[in-house]
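Chemist: My questions will all concern the structure given below.
Rule-based calculations on the coordinates, nothing more; no lab input. Keep in mind it's a predicted model, so treat the numbers as computed, not measured. Note that we place each Cβ from the backbone using ideal geometry, even for glycine, and neighbour counts take in every protein chain shown.
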Amino acid sequence: MKGVKNRKTPYGKLTKGQRAVLQYIADCIKDGLAPSRAEITEHFEWTSANAAQVYVKLLARNGFLVLPEGKRVARCMVLTPLALETLGIDNVR
């Protein structure tokens, strides 16, 4: 987790940790609802909810997630076609 804020990955490429978080988000969406930042934190047994926020923002910046603009809305993450292709998923719903 250390240094994740500064980790730069090429567009469309994921680190092991990024892939794990993206896979968890995809699994939750398949089950019907995107996870909250608190649920991501709990799943990965992190001590800070900020860690989940950093990963989510990084995945969005790298083109794997779309986040709502404006208000902070929990559970509104959407997987992009790039994320689906990277994870080998045809469709999440």
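Chemist: Which log10 I(q)/I(0) values does segment 33-77 give at q = 0.26 Å⁻¹ under the Debye formula, counting every alpha carbon as one identical point scatterer?
Modeler: Debye intensities relative to I(0), on a log10 scale: -1.00.
Chemist: Follow-up. For the residue pair residue 82 and residue 15, what label-to-label distance in nm results when each label sits 7 Å from Cα along the Cα-to-beta-carbon direction?
Modeler: 1.7
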